[in-house]
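J.: Have a look at this one.
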Amino acid sequence: MHFDLAQTDHLLSTTRAVRKRLDLTRAVPRELILDCVRISTQSPAGGNYQKWRWVIVDDPDRKLVIAEAYRRSYAPYIAKQQEAVARAGNTAESNPIIDSSTHLAEVLEQVPVLAIPCALGQPADAGETGGSQQGWWGSIVPAVWSYCLAARSRGLGTAWTTLHLPYENEVGDALGIPDTVTQIACIPTAFYTGDDFKLARRKPAEDVTYWNSWKQTDIDS
C-alpha cells in the first residue's frame, strides 16, 4: 500500500497543542470520540497487553471537578513559568504559550470533551513482571498520541495536559477510577476554529540526530 506522504506528513507535523482555538460552543458527537479511541487501540503495546482505558468526560459537573483540580496546579506552575520568562528578559504578557495556557485553564470546564487516558496498574509494578518503567510507559503513550492524531484528522483539536494529576485521587473519586489505575493525562478535545495549523519552529533534524555516538552529527561518519 502506498500512502499519500504529503497528507501523512501534514497530519504528523501539524498536530498542535490546541488551547485558544478550541470551539467551546460546538458539541462533539460521542461516536466521533469513539472513532478516535478505536484508532488508539491499534497502537503497539508491550506483550500485546492492552492496558489502556479511556474515561471520556462530557458531564458538566464532572468536567468542573477536573478543571478545578487543574487550576489548583496551574497557579504555582504558571508563576514559575512567568519567573523564567522574566529572567530571560521577556514579559510574561507577551508570551504566546503562557497566554494560551492561561486561557485553557480559565475555560477548561467549557471544553466539550475531557478525555482521561488511563492505564491498568502502576508504573512501579513493571519490575514485578520483569519489565521496566520505560516499557510500561511505552505501552500507553503511543495510544494517547494516536488518539490526538485521529482527532486532528477529523477536525478536532487536542492538548496533552497533566496538571490535574497532583489531585489524581480527587478526580478519580469523582469519576469512579480505582486507585489501582493510573491516569496518564487529560486531553481536552473539541472542534477547532480556523482553517488549519502551520509547522512549528523546530531545530533541524541534523542538529538533533546523532550517528553511532553521542553528539556525532556527521551523517558520513
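The values are calculated or read from the model by the stated rules, or taken from the named source; none is laboratory data. All values derive from a computational prediction rather than experimental measurement. Glycine also receives a Cβ, built like all others from the backbone with ideal geometry; neighbour counts cover every protein chain displayed.
J.: Go through Arg72, Arg87 for me and flag whichever is among the charged types (D, E, K, R) and either in contact with a Phe, Trp or Tyr (Cβ under 8 Å, 6 or more places away or on another chain) or surrounded by 15 or more Cβ atoms within 10 Å (Cβ to Cβ) (or both). Lay out the reasoning, then the answer.
T.: Values: Arg87 fails: either in contact with a Phe, Trp or Tyr (Cβ under 8 Å, 6 or more places away or on another chain) or surrounded by 15 or more Cβ atoms within 10 Å (Cβ to Cβ) (or both).
Of the residues listed, the single one that is among the charged types (D, E, K, R) and either in contact with a Phe, Trp or Tyr (Cβ under 8 Å, 6 or more places away or on another chain) or surrounded by 15 or more Cβ atoms within 10 Å (Cβ to Cβ) (or both) is Arg72.
J.: Within the stretch 124-134, is there a residue that is in contact with a strand residue (DSSP E or B) (Cβ under 7 Å, 6 or more places away or on another chain) and either assigned to a loop (DSSP other than H, G, I, E, B) or closer than 18 Å to Cys186 by Cβ (or both)?
T.: no
Matching residues to (1) over 28 Å from Asp99 (Cα atoms); (2) among the basic types (Lys, Arg); (3) crowded, with 18+ Cβ neighbours inside 10 Å:
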| position | (1), (2), (3) |
| --- | --- |
| Leu5 | yes, no, no |
| Thr8 | yes, no, no |
| Ser13 | no, no, no |
| Arg26 | no, yes, no |
| Glu31 | yes, no, no |
| Leu34 | yes, no, no |
| Ser43 | yes, no, no |
| Lys51 | yes, yes, no |
| Asp61 | no, no, no |
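J.: Would you please list the contacts, defined by Cβ atoms under 6 Å and residues six or more apart or on different chains, that run from a residue in the stretch 194-221 that is among the aliphatic types (A, V, I, L, M) to a residue that is surrounded by 10 or more Cβ atoms within 10 Å (Cβ to Cβ)?
T.: Leu199/Ser13
J.: In addition: Only one of Asp196, Asp173 is over 25 Å from Ser43 (Cα atoms), modelled with pLDDT of 95 or more and not hydrophobic (A, V, I, L, M, F, W, C). Can you tell me which?
T.: Among Asp196, Asp173, only Asp173 is over 25 Å from Ser43 (Cα atoms), modelled with pLDDT of 95 or more and not hydrophobic (A, V, I, L, M, F, W, C).
J.: Next question. I'm trying to understand the selection: among the residues of the stretch 92-126, which are free of Cβ contacts under 8 Å to residues at least 40 places away in the same chain and under 24 Å from Thr41 (Cα atoms)?
T.: Ala124, Asp125, Ala126
J.: Return the residues of the stretch 138-159 that are in a helix (DSSP H, G or I), over 16 Å from Thr182 (Cβ atoms) and not basic (Lys, Arg); say none if nothing qualifies.
T.: Within the stretch 138-159, Trp145, Ser146, Tyr147, Cys148, Leu149, Ala150, Ala151, Ser153 qualify.
J.: Given the criterion acidic (Asp, Glu), closer than 27 Å to Tyr70 by Cβ and part of a loop (DSSP other than H, G, I, E, B), identify the matching residue among Asp220, Asp179, Asp195.
T.: Asp179
J.: Also, I was wondering about something else. Mind checking whether some residue in the stretch 105-119 is touching a strand residue (DSSP E or B) at 6+ places or on another chain (Cβ under 8 Å), crowded, with 18+ Cβ neighbours inside 10 Å, under 22 Å from Ile33 (Cα atoms) and not hydrophobic (A, V, I, L, M, F, W, C)?
T.: Yes - at least one qualifying residue is present in the stretch 105-119.
J.: Right, next: How many residues are surrounded by 10 or more Cβ atoms within 10 Å (Cβ to Cβ) and more than 21 Å from Arg154 (Cα to Cα) when one looks only at the stretch 186-218?
T.: Of the residues in the stretch 186-218, 5 are surrounded by 10 or more Cβ atoms within 10 Å (Cβ to Cβ) and more than 21 Å from Arg154 (Cα to Cα).
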